[in-house]
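Engineer: This is the structure I have questions about; it appears just below.
The values are calculated or read from the model by the stated rules, or taken from the named source; none is laboratory data. Because the structure is a prediction, the values reported are computed rather than measured. In this analysis, Cβ positions are derived from the backbone assuming ideal geometry, glycine residues included, and neighbour counts consider all displayed protein chains. Areas reflect the complete protein model, heavy atoms only, side chains present, ligands, DNA and RNA absent. Shrake-Rupley method; radii C 1.70, N 1.55, O 1.52, S 1.80 Å.
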Amino acid sequence: MAARAPSAVEPGRAPRASERAERHAHVPADVGGNPAPPAFEERGPGRRPGSGPQVFRLRGRRGVFDGPTDFAYLPRDGHAEIASREGGRFALVGARCEQSLPARYGPAAEVPVELRGAGHCSRQVNNFAAAGVFDCDRLIAVEVLTPGGNWSSYPPHKHDEHHPGVESRLEEIYYYEIAPHADTPGLGYQRVSPSPAGKTDILTEVRTGDAVLIPDGWHGPSIAAPGHDMYYLNVMAGPGATREWLIRDHPDHGWIRSTWTGRDTDPRLPFHRAEDPA
């Protein structure tokens, strides 16, 4: 996801790939057994030729609702191979960047899990590559899990203008997985409305495998249909000198935050790992 002016991410279009990007090799779902070790070979400055690849063993998880997963960080100018003896699905998220940071492994146990909101606005955030949590040059990435029937990404907010200490300029991608009910596929809805800085105007149904591109605008709510838990992977990057996530709430709806004080989070949260005791 490029971050430059004019906007590099346009609604309804896939972002252009960059050859110079930092990436997370993220294992969000369906990795069975003991996967073969993914290998990363750093070919940039500071690594001796012929020293062999760095190897990160990613344990993964059975599905996106089974707790945080471990991950690997891959810097720009590197070459990576990902392999699994029993197959699996891998999410690769990236952003154009200037710095070449070291390749690293991120254990699942060290991913901060945050519960936001209250009542029907409750959701869980797995902050695996949030600003201030895991060091990247430009990239910010988190996972959000919303119990069925709840509103997430609410109140509507934006981050499409640079206002020091108040709002950071970040483009964003939402990638969705929606839990089915028996044989019935899940669904949800995503709203993006125009802001002073942009004209993005979307109200769309989302299902597993869908992505919504948000170069600008007030985004939210992300609505999970009753009976269908919602997962989305948030990927952000921007041109600011400081990597930070600063948002501005929609003036008509920001008041909802004041109603959460003293209220309980949805008792269905957090989503536990499959191997955790009930």
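Engineer: Apply the Karplus curve 6.51 cos²θ - 1.76 cosθ + 1.60, θ = phi - 60°, to the phi angles in the stretch 259-265 and return the couplings in whole Hz, x for Gly and Pro.
Structural biologist: 7, 7, 4, x, 8, 7, 6
Engineer: In bins 10 Å wide, starting from 0, what share of all Cα pairs of the stretch 225-278 does each bin hold, as a percent?
Structural biologist: Distribution as computed: 13, 26, 41, 18, 2 percent.
Engineer: For residue 128, which sequence-distant residues (separation of 5 or more, or a different chain) have an amide H within less than 5 Å of its own amide H, given hydrogens modelled in the peptide plane?
Structural biologist: 143
Engineer: Using the Kirkwood radius built from alpha carbon pairs, what does the Stokes-Einstein equation give as D for the stretch 150-278 at 10 °C and 1.306 mPa s, in µm² per second? The partial results should precede the final answer.
Structural biologist: Values: Rh = 16.1 Å.
Rounded to a whole number, D works out at 99 µm²/s.
Engineer: Oh, and also: Give me the net charge of residue 197's neighbourhood, meaning all other residues with Cβ under 10 Å from the Cβ of residue 197; Lys, Arg count +1, Asp, Glu -1. Before the final figure, lay out the partial values.
Structural biologist: Details: positive: 158, 169, 199; negative: 160, 161, 167, 216.
Taking every Cβ under 10 Å from that of residue 197, the sum is -1.
Engineer: Enumerate the amide H contacts of residue 206 below 5 Å, restricted to partners 5 or more residues apart or on another chain; note that Pro and chain-start residues carry no placed amide H.
Structural biologist: So residue 206 has HN proximity to 188, 189, 190.
Engineer: May I pose another question? Order the following by accessible area, largest value first: 201, 216. Probe radius 1.4 Å; ligands, DNA and RNA are ignored. Please report the intermediate quantities before stating the final value.
Structural biologist: Values: 201 100, 216 30 Å².
From most exposed to least exposed: 201, 216.
Engineer: Further, regarding this structure: Near the amide H of residue 60, under 5 Å away, which other amide H atoms are found, from residues 5 or more places off or on another chain, if H is placed in the peptide plane?
Structural biologist: Here 70 satisfy the definition.
Engineer: Go through the stretch 63-103 and name the trypsin sites (Lys or Arg not before Pro) that are in a DSSP coil and have 13 or fewer other Cβ atoms within 10 Å of their Cβ.
Structural biologist: Working: sites: 76, 85, 89, 96; in loops: 76, 85.
Passing sites in the stretch 63-103 are 85.
Engineer: Pop out the ³J(HN,Hα) list for the stretch 67-83 in order, Karplus 6.51 cos²θ - 1.76 cosθ + 1.60 with θ = phi - 60°, rounded to Hz; leave Gly and Pro as x.
Structural biologist: x, x, 10, 6, 7, 10, 9, 10, x, 5, 6, x, 10, 10, 10, 10, 9
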